Amino acid sequence: MPKPYSVMMDEINSRLKGKVGDERAKEIRLLLKEIQFDVGDYRKIKDKLRRELKEIETMEQAKKASRKSTKTKKETPQILVIGTTNSGKSTLINNLCGTEIPVGDYEYTTTEPQYGALEYEGIKFQLVELPAISEGGWIYDKSTLALVYSTDCLLILGKSFEDFTIVLSELEEQNIELVEKRLSDGFAQTSPRRIPAFLVKKENLGFISYNSLKNVFVNDLDEIKRTMFEIIKPVRIFTMNSFNEIEDRPVVFYNDTVIVEDVVNKISKSKIDIFKDALILEGGPTGRRKRVGISYELHDNDVIHLTFHK
Ligand SMILES: Nc1nc2c(ncn2[C@@H]2O[C@H](COP(=O)(O)OP(=O)(O)O)[C@@H](O)[C@H]2O)c(=O)[nH]1
Ligand SMILES: [Mg+2]
């Protein structure tokens, strides 16, 4: 005797409650096996479960892929350049990075991801152009979607309102929420569907109002770089060696709250037990001097001199 829809859903929800990721996928597969019928409400329920399963699988895949490259990822924020074909993605990356990605009048010039790199304010950014698959369909490609899920920021490029409508509605369809700033916990993929983004448009296009996303004109390269930087919001901490020389390369963090302990962990983890205190030059070499403890909160451009017990 088939059970009513609402009873089935209650049972399913209670079995899935609190389960996430691989564990949730496993339970869904089990449920799909258990539900014998595939008609009417049962069909609806099974379709719903199948959709969710597919989403979880894609997301887990993306997470695994991004975990593999954790090291480079932490040091090099990635900006994914997306837009309809011929929107000028390759041209923009070439202009920003000095690369020579082929540019063409014909469609689908780019058939595999193209990479460029640029340095801004001491931070190296990686720019990636996605292969143009087909309009209205590029995002359904699993590996493309995995790249979108695991990126740090989307640069959405368009020549017309229609270009933006196509891309934004495809992202919406995938339940990807675009936000104006990176999350406070940095690149942690806790909520992979919320992705920082900004819109880059042709000079004569009016304001595009979408989730408070910033609008930038395509030929204002400085503003594009500045916006990337503001969205990624690196916290650069300059360390001082025992000769009181400030190192050229900062230690970089990509989360809002950074404390002295994080710096010790990053540069000399084994010394955490003999940490004594730290001298801070607030906001740079000429800043206010302070002697602080292990849980002192640091800010961008702070200089730090760590001292340890002998
Ligand atoms: N007028 C104008 N043409 C552009 C601009 N950017 C790209 N193009 C042209 O548009 C075509 C497609 O550019 P491409 O960078 O290959 O686009 P992609 O398919 O998005 O990578 C090429 O003929 C470019 O010369 C731009 O800002 N203004
Ligand atoms: Mg291209």
Test for Ile304: is it modelled with pLDDT of 95 or more and under 30 Å from Phe164 (Cβ atoms): no
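Per-residue answers, yes or no, for (1) of a type in the set (Val, Ile, Thr); (2) modelled with pLDDT of 80 or more; (3) surrounded by 13 or more Cβ atoms within 10 Å (Cβ to Cβ):
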site	(1), (2), (3)
Leu32	no, yes, yes
Gln36	no, yes, no
Val39	yes, yes, no
Ile45	yes, yes, yes
Arg51	no, yes, no
Thr58	yes, no, yes
Ala65	no, no, yes
Ser69	no, no, no
Top-ranked residue of the stretch 237-277 - restricted to ones that are among the aromatic types (Phe, Trp, Tyr) and part of a strand (DSSP E or B), ranked as nearest to His305 (Cα to Cα): Phe238
Hits in the stretch 256-304 - residues which are under 17 Å from Glu75 (Cα atoms) and crowded, with 16+ Cβ neighbours inside 10 Å: Val258, Asp262, Val263, Val264, Asp300, Asn301
Test: Glu162 is farther than 29 Å from Lys233 by Cβ, away from ligand 1 (no atom under 12 Å from the Cβ) and at pLDDT 85 or above: yes
Criterion (touching a residue at least 40 places away in the same chain (Cβ under 8 Å) and not hydroxyl-bearing (Ser, Thr, Tyr)) met by exactly one of Phe243, Phe217, Phe238: Phe238
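The values are calculated or read from the model by the stated rules, or taken from the named source; none is laboratory data. Just so you know, these numbers come straight off a predicted model, no measurement behind them. Every residue, glycine among them, receives a Cβ derived from its backbone with ideal geometry; neighbour counts consider all protein chains shown.
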